[in-house]
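The values are calculated or read from the model by the stated rules, or taken from the named source; none is laboratory data. Keep in mind the model is a prediction, meaning the values are calculated, not measured. Cβ coordinates were reconstructed from backbone atoms using ideal geometry, including for glycine residues, and neighbour counts include every protein chain displayed.
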Amino acid sequence: MVYAGLVHQLTPYPSRDEPETMSTPPATTSTRAQGLIPRAYRRFQVLSARLDSPFLLLVRLYWGWQFAQSGWGRLHNLDRATGFFASLGIPAPHLTVIFISLLEFVGGILLIGGLATRFIGLLLACDMAAAYLFADHAALRAIISNPGQFYGADPYTFLFASLMALIFGAGRYSLDYLIWRKQGC
């Protein structure tokens with residue numbers, strides 16, 4: 001009986017199916033106040049969890065547009081982009097420019113719609129990691145010694161957005177969610 005009462009006191013969210021035991025202390029003002037904090041926090045968690053899909057939608061719309069613009073701009077300036085990739089020592093610069101440009105353009109459009117979000121997030125994160133390796137290697141080396149240089153580099157926000165898409169997915173306001181729901185998962 002004492003053990004059951006102790007577990008009941010330590011459990012922040014007791015089940016409604018638990019029978020009340022004799023060892024449960026009578027409700028006093030201090031125990032009611034102690035129960036109020038976990039209930040209020042739980043309510044806060046539930047309400048704030050409703051913001052994840054709108055937030056992910058905004059991230060997808062903004063960064064999808066940014067990726068699409070970047071890819072589109074490079075596709076329309078292939079010669080200049082190929083020269084830049086060649087100056088970085090990237091192998092097969094012309095083919096690489098076309099591949100990366102199409103990845104960013106199509107990937108950005110897919111991010112906007114929320115289709116294949118985690119897979120596109122993975123591909124774009126790899127793209128941005130390669131951008132650090134080839135275009136801003138000094139910033140990558142400074143990740144520990146000078147973090148400001150690392151997160152001030154151009155690929156950082158793109159990498160961060162890609163990782164968000166990879167880790168958190170698209171949310172409810174997406175084609176991924178509609179397909180998942182239609183399949184009954």
Residues of the range 74-112 satisfying the condition of being assigned to a helix (DSSP H, G or I), surrounded by fewer than 17 Cβ atoms within 10 Å (Cβ to Cβ) and not charged (D, E, K, R) = Leu75, Leu78, Gly83, Phe84, Ala86, Ser87, His94, Leu95, Ile98, Phe99, Leu102, Val106
request  = Name the residue, out of Ser48, Ser15, Ser30, that is outside any helix (DSSP H, G or I), at pLDDT below 95 and among the small types (Gly, Ala, Ser).
outcome  = Ser15
key: Within the range 157-185, considering residues that are aromatic (Phe, Trp, Tyr) and either more than 14 Å from the chain's Cα centre (by Cα) or not assigned by TED's automatic domain parsing to the domain that holds Gly114 (or both), the one farthest from Arg50 (Cα to Cα)   = Trp180
